[in-house]
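Student: Sharing a structure below in structure tokens format, with a few things to ask.
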Amino acid sequence: MAHFAKLSENNDVLSVNVVDNNLITENGVEIESKGQKYLETIHKWPAHLWKQCSVNTLKGTHLSGDNSKAFRATFPSIGFKWNPTHNIFTRPQPFPSWTLNTSTGEYEAPVAKPPAQEDPANKSPIRHYVWNEDTKNWDLECTDVFSHIDADTGQDVYILSE
């Protein structure tokens with residue numbers, strides 16, 4: 001199945017739709033313009049506001065391990081942005097000082113984030129860092145923090161203990 005992001009005029013991702021590969025394939029090759037025209041007909045949304053994306057691409061990496069197949073940096077969700085200059089999808093820029101890595105589609109802080117520090121007794125993180133846009137640096141937060149990877153975004157999610 002092929003996936004297409006529906007965009008606003010401001011390049012915001014509004015939804016992601018699925019199209020049967022048979023509808024957009026010619027001689028074994030997916031043709032984006034065929035999918036755009038199909039979606040325009042079905043949804044009455046302009047063809048130029050549909051962009052093909054790959055569910056198998058995340059942060060510039062293809063799930064197969066063959067990164068030559070990585071397509072448009074990352075698979076978008078509602079709220080992501082289409083970057084027409086670089087032909088990629090991105091999350092919104094979290095802070096003005098962060099810059100876009102056009103290979104991964106991720107924004108990066110101007111200073112590398114220090115690693116979380118673990119409590120040796122229970123292996124849970126006891127210190128983590130939050131970005132401070134005023135100082136353009138990471139601030140240490142000393143609290144019990146538990147983390148997990150968000151299945152939708154692949155990002156670390158931190159939960160502060162009570």
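Derivation of every value follows stated rules applied to the coordinates shown; laboratory data play no part. Model, not experiment: these values are computed from the prediction. Virtual Cβ from ideal backbone geometry, glycine too; neighbours counted across all protein chains shown.
Student: Between residues in the range 40-52 that are without any contact (Cβ under 8 Å) to a residue 24 or more places away in the chain and residues that are surrounded by 13 or more Cβ atoms within 10 Å (Cβ to Cβ) and part of a strand (DSSP E or B), which pairs lie under 8 Å by C-beta distance while being six or more apart or on different chains?
Tutor: Hits for this filter: 40/50.
Student: Also, I was wondering about something else. Tell me, yes or no, whether the range 96-105 has at least one residue that is touching a Lys or Arg at 6+ places or on another chain (Cβ under 9 Å), assigned to a loop (DSSP other than H, G, I, E, B) and more than 28 Å from residue 138 (Cα to Cα).
Tutor: No: the range 96-105 contains no residue that is touching a Lys or Arg at 6+ places or on another chain (Cβ under 9 Å), assigned to a loop (DSSP other than H, G, I, E, B) and more than 28 Å from residue 138 (Cα to Cα).
Student: Could you look through the range 65-82, keep only residues that are touching a residue at least 12 places away in the same chain (Cβ under 8 Å) and more than 26 Å from residue 130 (Cβ to Cβ), and pick out the one that is surrounded by the fewest Cβ atoms within 10 Å (Cβ to Cβ)?
Tutor: Here the residue is 69.
Student: Across the range 33-46, what is the total count of residues that are surrounded by 15 or more Cβ atoms within 10 Å (Cβ to Cβ) and not polar (S, T, N, Q)?
Tutor: 7
Student: Please count how many residues of the range 32-44 are more than 23 Å from the chain's Cα centre (by Cα) and hydrophobic (A, V, I, L, M, F, W, C).
Tutor: Total meeting the criteria: 1.
Student: Okay, moving on. Scan the range 15-58 for residues that are assigned to a loop (DSSP other than H, G, I, E, B) and over 20 Å from residue 84 (Cβ atoms) and jot them down.
Tutor: 20, 24, 27, 28, 44, 55, 56
Student: Only residues that are out of contact with any Leu (no Cβ under 9 Å at 6 or more places or on another chain), within 17 Å of residue 52 (Cβ to Cβ) and in a loop (DSSP other than H, G, I, E, B): list them for the range 76-95, please.
Tutor: 76, 77, 80, 84, 87, listed by residue number.
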